[in-house]
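The structure appears right after this line, and notes come after that.
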């Protein structure tokens with residue numbers, strides 16, 4: 001896709017008009033044929049198109065050309081999400097309208113125009129790597145030209161930034177959508193190595209199975225040892241050779257397929273468990289987005305990769321694992337496995353001089369029960385970090401909802417009779433007790449206090465989010481944009 005700002009009044013391809021609810025006149029009519037303007041105003045006056053949010057009406061013309069009306073809802077309620085969703089709606093509605101669009105919006109503010117462009121980019125995605133293609137299949141890129149009148153200054157740098165971040169989002173989606181027979185722990189590691197070759201300031205290191213064994217990563221090994229495709233831990237290091245000091249450190253759960261292990265999941269919808277590596281794909285996509293956009297700060301990413309399979313070698317309910325931190329974990333359910341790999345990843349993060357640690361994981365069905373597919377659960381031991389993540393998500397239209405990290409949930413997770421912690425709490429508040437488990441593995445800083453840490457449960461938002469206008473189906477790449485915004489605007 002290509003987006004650009006134009007200052008001439010020419011209409012090239014399909015004309016796209018953003019319309020506020022209640023509008024009956026076409027004001028931004030430069031270069032429009034009188035007959036076309038009259039036709040559209042007749043439609044608006046008759047109420048055939050009410051311009052409610054997230055609606056669209058194609059107007060198929062003859063010599064006048066085609067037009068697409070995009071509803072923006074009430075003008076006084078319009079915000080960046082309104083324009084971002086409208087851009088996505090354009091791409092979703094393009095099937096019979098060609099690949100070239102001239103856009104006229106009722107607002108020419110940089111903020112609104114860039115949000116519209118971002119929506120276009122984010123929706124212009126499909127995962128077709130495994131589909132057979134006919135010779136006449138067309139993959140022509142979309143071209144979106146926004147008429148913005150006499151704008152002052154170029155928006156090219158901002159558009160370039162959107163392109164770079166979107167590239168990271170699409171990588172996250174590609175990894176999540178990839179079938180699990182081709183996307184396994186060391187396949188992820190190899191893709192990370194290959195990606196890093198494109199950037200001089202990005203390095204990737206891998207702790208393989210044997211090294212994880214020798215280092216005592218009992219959580220990671222315990223989850224992945226039942227599979228013939230062994231676990232690993234992947235490290236992304238951005239600008240580590242040229243900068244010093246503390247670095248934001250992002251840790252992702254990377255269960256490339258989750259059968260539940262010995263605590264086997266029901267068969268219905270088990271195919272969706274290829275998405276259980278969502279957190280690790282966000283780490284991958286974020287590091288690529290930061291590199292693409294030229295971020296010069298120091299950032300660390302950690303992906304905890306394993307495949308959770310039942311076998312004679314698999315961890316059993318009742319086993320006790322010794323984690324990388326030295327703490328022992330009583331395994332009560334092998335389907336509560338994501339927290340085990342993260343336990344080792346979080347402790348390892350403490351060795352890498354983190355400014356703060358954020359982990360992302362498709363961790364619990366309980367979070368989906370609590371928040372549906374509308375918001376990510378957000379827990380933190382630091383009020384400032386929690387607020388900054390929440391605000392950053394709001395800015396880009398990715399909601400992260402603060403959740404309670406209560407002492408009662410920590411007590412649940414530390415009352416095992418035979419180990420330091422257990423991997424399962426009571427039935428109620430399962431997403432909260434999972435976060436409380438992770439908190440036990442957040443290292444202390446130099447001041448003797450826990451390093452600022454936040455946990456983001458993306459079980460409901462990484463896939464299956466039908467209300468997410470930025471994606472048609474499958475993996476969403478959620479929070480690549482949130483974290484890019486958080487880190488680059490810090």
The chain: angle of helix 430-439 to the longest principal axis, Cα-based, in degrees nearest 10: 60 degrees
In Å, descending, principal axis extents of the Cα set of the range 347-490: 47, 35, 22
Shape of the range 386-465, Cα gyration tensor, a/c cut at 1.5: oblate
Separation between Cα centres of the range 23-89 and the range 192-262, rounded to whole Å: 49 Å
In nm, spacing of pseudo-spin labels at residue 33 and residue 190 (7 Å Cα→C-beta vector): 5.6 nm
Whole-Å semi-axes of the range 10-131's equivalent ellipsoid (Cα gyration tensor): 23, 18, 13
Nitroxide proxy distance, nm - points 7 Å out along Cα→Cβ at residue 447 and residue 108: 5.0 nm
Förster radius 22 Å - calculated FRET efficiency between residue 352 and residue 213, Cβ distance, rounded to 0.05: 0.60
Long-range tail of P(r) for the range 176-312 (Cα pairs > 18 Å, %): 54 percent
Euclidean distance between Cα centres, the range 280-350 to the range 403-432, Å: 19 Å
Nearest 10 degrees, 0 to 90: helix 34-46 Cα axis against the chain principal axis: 60 degrees
Rounded, prolate or oblate (a/c below 1.5 giving rounded, otherwise prolate when a/b exceeds b/c) for the chain by Cα gyration tensor: prolate
The chain: angle of helix 278-292 to the longest principal axis, Cα-based, in degrees nearest 10: 60 degrees
Residues of the range 94-124 with amide N under 15 Å of a point placed 7 Å along Cα→Cβ from residue 394: none
Two-site label geometry, residue 467 and residue 387: point separation in nm, points 7 Å out along Cα→Cβ: 2.6 nm
Global geometry of the range 433-490, whether rounded, prolate or oblate, following the gyration tensor of its Cα atoms and the 1.5 cut on a/c: oblate
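Please sort 256-262, 219-225 by packing, taking for each peptide the average over its residues of neighbouring beta carbons within 10 angstrom, highest first.
Details: 256-262: 23.6, 219-225: 29.0.
Answer by packing, highest mean first, reads 219-225, 256-262.
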By average C-beta atoms within 10 angstrom, highest first, the peptides 334-345, 69-80: 334-345, 69-80
Relative packing of 118-130, 179-191, 449-461, which averages over residues the other C-beta atoms within 10 Å, highest first: 449-461, 118-130, 179-191
Value of [θ]222 nm, deg cm²/dmol, for the chain, DSSP H segments ≥ 4, -39500 (n - 2.57) each, nearest 500: -10000 deg cm²/dmol
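Rule-of-thumb check for the range 1-76: C-alpha Rg over 2.2 N^0.38 Å? Walk me through the numbers on the way to the answer.
Details: Rg = 12.4 Å, N = 76, 2.2 N^0.38 = 11.4 Å.
With N residues counted in the range 1-76, Rg over 2.2 N^0.38 Å equals 1.09.
Taken together, the values in this text are just the output of simple stated rules run on the coordinates, not laboratory data. Quantities reported herein were computed from a predicted structural model and do not represent experimental measurements. Every residue, glycine as well, gets a Cβ built from its backbone with ideal geometry; the counts of neighbours run over all protein chains shown.
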